[in-house]
There are 2 protein chains.
Amino acid sequence: MKATAIAPSNIAFIKYWGRKDEELRLPENGSIAMNLSNLQTITTVEFIPELKNDEMAIDGKKETGVGLKRVIRHLNRIRSLTKIKSMAKAVSENNFPRATGLSSSASGFAALTLAASKAAGLDLNEKELSILARQGSGSACRSIPSGFVEWLDGNTNSTSCAISIFPEDYWQILDVVVIVSYEKKEILTSEGQKLAKSSIFFPLRQRLIKNKIKECKRLIKNKDFRRFGELIEAEALELHAVMLTSEPSLIYWLPFTIKLINQVKSWRKEGIEVYFTLNTGQNLHLIVEEKDKDIIVKKLKKFKEIIKVIVNKPSIGARLTNKHLF
Amino acid sequence: MKATAIAPSNIAFIKYWGRKDEELRLPENGSIAMNLSNLQTITTVEFIPELKNDEMAIDGKKETGVGLKRVIRHLNRIRSLTKIKSMAKAVSENNFPRATGLSSSASGFAALTLAASKAAGLDLNEKELSILARQGSGSACRSIPSGFVEWLDGNTNSTSCAISIFPEDYWQILDVVVIVSYEKKEILTSEGQKLAKSSIFFPLRQRLIKNKIKECKRLIKNKDFRRFGELIEAEALELHAVMLTSEPSLIYWLPFTIKLINQVKSWRKEGIEVYFTLNTGQNLHLIVEEKDKDIIVKKLKKFKEIIKVIVNKPSIGARLTNKHLF
């Protein structure tokens, strides 16, 4: 009745923004992402008959309120697939800060899904796990399969899941995560998602995104780094253009975000092939090839505003481990 | 053969971005702006028979290259309306820095148009001056008439000009200009304009902008400050969303731009009615009512990043003066 899972966070190259079903977390569009080797959540779950209520601790702190309710709903989904009536104890640890745009809810709900389903005696396949994880946190479905993944834009609960499109060793590109703030976001991604449709630009984005996904997959397949970089950078800016034009406007950037974006552009003029992408957090993701990693990390170390730099390779997806947290 | 004119810069509430005719500087859409009492250019022009070439000095520095060519083309337009063959000497002074997003080309070409046409013996009416000024620099046509102005979206040279929609004393709102950098822009507005159509969002913006202009005029007429503020802020963000999604992407913001935008939002939460707008420069324009001016200026003074704050009332348009610069 106890199991532990490790799951990676992931960085989306083509973004998930807007839902066609809030309850099931069905996205308005498909997305493409890469799982990250050094942003991980490890979670142990045990169903304990004597327990009165579900309990969850994350990074040593007990979850309460809305956060706990979201976990309980997820455990209920898993219990409903079994005969288990027991409450669960869950303990989770991230090796990176939460709610700062590093997708801790992706790795968190992926790890919780795998650990809880295993602890409940289930032996779900990748698709089943991905579907379940999605209902906890949309982008968590992408943290189940390995390497480069596509979240298929399904119209039903049983068709909206992520699959691996290329394994983790297919292309050695790196995501250099630049942490500029540990401050929690004012508007959580989950709330921001609801505003997607309030942007006048959202419908047009939707109309063009299927082709963009196709193009992104083609560029990964061909390992065409320059055009891939240009595509994902334009995609990130398009996402933020949609956010800027939401009502109310969503501005997730920090002053340093602008500084670093401009810096990336000028590094490219110097001949270094580096591109950025960013989500609903202040932190940036710089995408580079292995050959340019050292020079970029060295350049980043000169900025006093940067708290931490985390270099990620493409990673395998969620997996079980024997190292329980309790 | 000598005349001197003063012209105000202006701040657009509904923006001019994209041209349907590069040569005539016919805009893709109409715009709404307010002339500014404390951002001014004064220009003296004299046609001098002995002069070999047109000469122009701005803020004590001789114009050369592309800048001078643009002035010569404008003087040629004026000469072509007369029998004058002489070259001109022009001297111009701004009371604010150029090419930092404060529309020095608007006040500059408005003052040049009035001074040069008068020096050439012409006695043009407001419409004729506005049409001429537009050909020098699009937004300069708005600096000719007084107060709150509309640049009419004409399809021909003779129909695209600005008119006053409300006089300068109609509504006492202020534009508090926050100067955060005297650095020249990397991409001049005039060049950026050419990229407008490369944004996938541009056509939709165009489709909706006529109604936005109508709504903006209605809100000024009704002096509905809150809704006016919300409208112009959303409009500025929409403009920047279009720029972000251009190819290549245009990012005119500085780190402090983001800081101040977020600050404005939080001042509103404190109950101060202040809204922002911004053009293709790093500097911000905060729009407030007279009653909130002092508190905003006081709050702004606490930021070490701010070089200067200039408070502007609605201003009269371009006018002649006897105080020649030479």
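The values are calculated or read from the model by the stated rules, or taken from the named source; none is laboratory data. Predicted model only: the values in this text are computed from it and were never measured. Because the Cβ atoms are built from the backbone with ideal geometry, glycine has one as well, and the counts that use them run over all protein chains shown. Remember, those area values only see protein heavy atoms, side chains included, never the ligands or the DNA or RNA. Shrake-Rupley method; radii C 1.70, N 1.55, O 1.52, S 1.80 Å.
How do A:LEU250, B:LEU208 rank by accessible surface area computed with a 1.4 Å probe, from largest to smallest?
Working: A:LEU250 5, B:LEU208 75 Å².
Largest to smallest exposure gives the sequence B:LEU208, A:LEU250.
Over the stretch B:2-168, average the accessible area per residue using a 1.4 Å probe and give it in Å², no decimals.
Numbers: 5870 Å² over 167 residues.
Value for the stretch B:2-168: 35 Å² per residue.
The Cα center of the stretch A:146-211 and the Cα center of the stretch A:55-120 differ in position by 21 Å. Here is how far apart the B:GLU126 label points are across copies: 7.1 nm, shortest first, using a point 7 Å from Cα toward Cβ.
Relative to the other identical copies, A:ILE187 shows label-point distances of 2.5 nm, where the label point lies 7 Å from Cα along the Cβ direction and values run shortest first.
Please give the total accessible area that chains B and A bury against each other, computed with a 1.4 Å probe and expressed in Å² to the nearest 100.
Numbers: alone 14250 and 14250 Å², together 26360 Å².
Summing both sides, the interface buries roughly 2100 Å².
Computed over the stretch A:2-168, relative contact order equals 29 percent, with contacts defined as Cα pairs under 8 Å that lie 6+ residues apart.
Accessible surface of B:MET34, taken over heavy atoms with a 1.4 Å probe and every protein chain present, rounds to 0 Å². A straight line joining the Cα centroids of the stretch A:271-326 and the stretch B:18-35 runs 44 Å.
Computed on chain B, with alpha-carbon pairs under 8 angstrom and 6+ residues apart, the relative contact order is 26 percent. Take every pair of alpha-carbon atoms less than 8 Å apart whose residues are at least six positions apart; their mean separation over the length of the stretch B:173-312 yields a relative contact order of 45 percent.
In the elastic network of chain B, a GNM with C-alpha springs shorter than 10 Å, the most mobile of B:GLY60, B:GLY271, B:GLY147 is B:GLY271.
Here A:ASP59 yields copy-to-copy label distances, from shortest upward, of 4.6 nm, the label point defined as 7 Å from Cα along Cα to C-beta. At the listed q of 0.20 Å⁻¹, the Debye profile of the stretch B:2-168, built from one uniform point per Cα, gives log10 I(q)/I(0) equal to -1.31.
Mind giving me the FRET efficiency for B:ARG207 and A:LYS214? R0 is 25 Å, r the Cβ-Cβ distance, nearest 0.05 is fine. Provide the component values of the computation, followed by the final result.
Details: r = 27 Å, r/R0 = 1.09.
That gives a FRET efficiency of 0.40.
For the stretch A:81-229, report the translational diffusion coefficient in µm²/s to the nearest whole number, using Stokes-Einstein at 20 °C, 1.002 mPa s, and a Kirkwood Rh over Cα pairs. Please report the intermediate quantities before stating the final value.
Working: Rh = 17.7 Å.
Once the numbers are plugged in, D ends up at 121 µm²/s.
Here A:LYS265 sits with roughly 50 square angstrom of accessible surface, probe radius 1.4 Å.
Hydrodynamic radius of the stretch A:173-312 by the Kirkwood approach over all distinct alpha-carbon pairs: 16.1 Å.
Within the P(r) computed for chain B, what percentage of the Cα pairs occupies the region above 38 Å? Could the numbers behind the result be given before it?
On the way: 6051 of 52975 pairs.
Distances greater than 38 Å cover 11 percent of the Cα pairs.
Would you work out the charge dipole size for the stretch B:173-312 about its Cα centre, treating the Cβ of every Lys and Arg as +1 and the Cβ of every Asp and Glu as -1, and quote it to the nearest 20 debye? Each step should come with its number before you reach the end.
Values: 27 positive and 18 negative charges, 60 e Å.
Here the stretch B:173-312 has a charge dipole of around 280 debye.
To the nearest 10, the accessible area of A:TYR170 is 60 Å² with a 1.4 Å probe.
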